[in-house]
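**Q** The structure follows.
What follows draws every value from the coordinates through simple rules; no lab data is involved. Keep in mind the model is a prediction, meaning the values are calculated, not measured. Positions of Cβ are generated from backbone atoms using ideal geometry, with glycine treated the same way; all protein chains shown enter the neighbour counts.
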Amino acid sequence: MERIPIRITALLAMTTLAACDFLDIDTPGIVNRDKMFENEQGFIDAMNGVYASMADADLYGEQLSFGFVDEIAQLYYNDYEANETTLTKTFDLRYRDEDVRPQIDAIWSKAYNTIASANSVLDNISGHDFAILPRIRGEALTVRAFLHFDLLRLFAPNIERGDEQAIPYVEHFSISPVERSTVREVYERIVADLTEAYGLLRDAQPASGRTPEELYVSQYAAAALLARVCNWGGDHETAERYALEALKGPFAFIREEQIKNLFLGYTARTECIWGLHAPDMYLDVRSRLYPTRLTDELDMVRDNYQTIFRVSSFTSTNNDYRYQSYFTRTEWEHSVVLLTKFYDKYYDEEQIVPSGRIPGPNLVRLPELYYILAESVYDRDPAAALEYLNTVVTARGLHPIEAADIATPASFREELLNEIMKEFWGEGQIFATYKRFNLPMEGVNGKEHPATDDTYLLPLPESEESAGID
């Protein structure tokens, strides 16, 4: 196997590890390790550091939610003065460009940085018997698996090419080079970590004082992620089982009048299974998606969003609440062209966080479970698949999909993809969905990005390629 020199630089209690020329990482949650893990609160604080690291802009605070991964999913465009910019290069999937590559490298670096933090927690549990440790172990295992899975979906082929080299699966805090595993090996380790985590979290004692609960990994979050991962891996039976387990949690679809307030850069109330606290995320969204003037960094919504939402079919009784809540039109003073912006889904004009709301991204939400269930059962029970799909469709204000509309596997996939596009705009799931289905993406300015490695495989960091890793 090839070894990738993932180097983690952390300030320890007695030792400062020298920075190397590969990844210069300062890992939160591992400082003064002996003191950190001397009591229960130390483990809680360390996990809080892990969650905070996940909410960084290089991960789910921006790039893996509304930022880079949605930009390469072709959801936006920018024609500011027709100049070539980092953003237009990103839309064009020029991954190796000197302006685009740093974004990709930062995602890789920050993800393994955070995995190192989770592994530090896991490595230090042995020898302690605090009551909260089974829960902490379950949370750390889930985070480790979650991050590896997103790296796998970005930097490796789909499961159909399971014997090909993928990414390192890092299971301990270490500065030693880590071997790359195959796609299938990484997938199996992710499933193993999540399975153990689910059992630990299901049986763990309640954790007092850690609220709101959706900001911490729960048994329902671990089950939902198992459903997501197994669905990706083609294990529909297991995906179905864990999706149903996750639905046993205290989750519910919000009412019509709450759709507009479902997102706005905050976790999604009763629909959020797991989210993060990112205090400035909704302000970052405002600067990226709704600035005070047109700039070369503005993500404007693609014109085809009206086709995706099938606006022409809307009536007084068949009107997608998501469309009405997510989008608005604004006329820039210097232009007579109405530019559509991805606006209301995130932007809070008053810049005040409402009482009881948590600013930050949703990592797992309720509708995904129904999409997974629909996909899992379609081959054996199309009627049940339709019922699952319509659970979301009708909750969003639309008439139910008819059985004839999903009569073939191709038509079912089209309806499912359309639903995923509408539901998860701005949440970093659409690129991975197109890749999993091995579908081309319609690019800007009439381009089409075929379902090839050039489209769907992000390059490994340059420092690894320079070390002989391709």
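**Q** Projecting each Cα onto the charge dipole of the stretch 174-253 (Lys/Arg +1, Asp/Glu -1 at the beta carbon, about the Cα centre), which of Tyr216, Tyr242, Trp232 comes out farthest on the positive side?
**A** Going by the Cα projections, it comes out as Tyr216.
**Q** Going through the cross-link list Lys422/Lys447; Lys248/Lys435; Lys89/Lys435; Lys110/Lys435, which pairs have a Cα-Cα distance over 25 Å in this structure?
**A** On the way: Lys422/Lys447 22 Å; Lys248/Lys435 30 Å; Lys89/Lys435 20 Å; Lys110/Lys435 23 Å.
The answer is Lys248/Lys435.
**Q** Further, regarding this structure: Taking amide H positions as placed in the peptide plane 1.01 Å from N, state which residues far from Met441 in sequence (5 or more) or on other chains have amide H under 5 Å from it.
**A** Hits under the 5 Å cutoff: His449.
**Q** How far apart, in nm, are the 7 Å Cα→Cβ label points at Ala192 and Ser174?
**A** In this crude label model, Ala192 to Ser174 measures out at 1.4 nm.
**Q** Please list the non-local residues whose amide H lies under 5 Å from the amide H of Arg180, H modeled 1.01 Å from N, same-chain partners needing a gap of 5 or more.
**A** For Arg180, the qualifying residues are Glu2, Arg3, Ile4.
**Q** Order these peptides, 449-455, 281-287, by their mean beta-carbon neighbour count within 10 angstrom, highest first. All intermediate terms of the calculation are to be shown ahead of the outcome.
**A** Numbers: 449-455: 13.6, 281-287: 19.4.
Answer by packing, highest mean first, reads 281-287, 449-455.
**Q** Collect residues whose amide H, placed 1.01 Å from N in the peptide plane, falls under 5 Å from the amide H of Tyr266; neighbours closer than 5 in sequence don't count.
**A** Sorted by chain and number, the residues that satisfy this are Gly360.
**Q** If you put +1 on each Lys and Arg Cβ and -1 on each Asp and Glu Cβ, how big is the dipole of the stretch 159-236 around its Cα centre, in Debye rounded to 20?
**A** Numbers: 7 positive and 13 negative charges, 37 e Å.
Around 180 debye, computed over the stretch 159-236.
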